[in-house]
1. What are the residue pairs meeting all of these: first residue in region 109-134, first residue over 22 Å from Asn3 (Cβ atoms), second residue surrounded by 14 or more Cβ atoms within 10 Å (Cβ to Cβ) and not aliphatic (A, V, I, L, M), Cβ atoms under 7 Å, and 6 or more apart or on different chains?
2. Of the numbered conditions (1) surrounded by fewer than 17 Cβ atoms within 10 Å (Cβ to Cβ); (2) in a loop (DSSP other than H, G, I, E, B); (3) of a type outside the set (Phe, Trp, Tyr); (4) touching a helix residue (DSSP H, G or I) at 6+ places or on another chain (Cβ under 8 Å), Ile14 satisfies every one except a single condition; which is it?
3. Would a scan of region 27-34 turn up a residue that is among the acidic types (Asp, Glu), under 26 Å from Ile134 (Cα atoms) and assigned to a helix (DSSP H, G or I)?
4. Could you please give the count of residues in region 17-26 that are closer than 18 Å to Ser92 by Cα and in a loop (DSSP other than H, G, I, E, B)?
5. Enumerate the pairs (first residue in region 75-89 and among the aromatic types (Phe, Trp, Tyr); second residue anywhere and assigned to a loop (DSSP other than H, G, I, E, B)) with beta-carbon separation below 8 Å, excluding pairs fewer than 6 apart on the same chain, so at least 6 apart or on different chains.
6. Got a number for residues in region 77-113 being touching a strand residue (DSSP E or B) at 6+ places or on another chain (Cβ under 8 Å) and either within 21 Å of Lys41 (Cα to Cα) or of a type in the set (Lys, Arg) (or both)?
Amino acid sequence: MDNEIDILEEVYNIKANSKVLITSFKYNQYFFEKHIFTHFKDKSFPLILIDYNEYQNNILDSIKSKYAETKYFIEPIKVTGTFHPKLFFSISEDEAVFLIGSNNLTPAGYSTNLESIVPVTINLNDSEEKYLLIDISKVLLDLKEIIKIGRAS
């Protein structure tokens, strides 16, 4: 297929000092630390938002990690139903990258499953591209409201 996107390659193309926000339903801590966190390690403090129940299923992995909660942060999100968005958002001084997809933060989700993903890169120095930030900020504000409502219930 001509339109295949290597999700890990997209992540590795992100500047290592970028601020990173990842949302996922499922995650695999070993995969994250070995294949994604190493790219940002000591340059950024990524934030992972995951479903509360999935976090509970993996809490022992977090306890065993020497990086979780010291070099990156995991925040379990409790909502009515399931916290299911899959986003990878990064921002540096001159670039914003938004990967919107169906993939979980797992080895299969990033490498072997058939997933859909839309990569959007915005050059922050190009005034013609900055309008895209308005749409992205709306998505992030909607996500914030979902989280806020979930915490209130």
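1. So the pair list comes out as Asn123/Glu95; Asn123/Glu129; Leu124/Glu95.
2. Result: Ile14 passes all but (1).
3. no
4. Of the residues in region 17-26, 2 are closer than 18 Å to Ser92 by Cα and in a loop (DSSP other than H, G, I, E, B).
5. Phe83/Phe25
6. Count: 16.
Yes/no per residue for (1) modelled with pLDDT of 90 or more; (2) under 21 Å from Lys144 (Cα atoms); (3) open to solvent by 80 Å² or more (accessible area, probe 1.4 Å):
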site	(1), (2), (3)
Tyr67	no, no, no
Lys71	no, no, no
Val79	no, yes, no
Leu87	yes, yes, no
Glu95	yes, no, no
Phe98	yes, yes, no
Ser102	yes, yes, no
Glu115	yes, no, no
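The values are calculated or read from the model by the stated rules, or taken from the named source; none is laboratory data. These figures come from a predicted structure and were not determined experimentally. As a convention, Cβ positions derive from the backbone with ideal geometry for all residues, glycine included, and neighbour counts pool all protein chains shown. When the accessible area is computed, the model is the full protein with side chains, heavy atoms only, and any ligands, DNA or RNA have been set aside. Shrake-Rupley method; radii C 1.70, N 1.55, O 1.52, S 1.80 Å.
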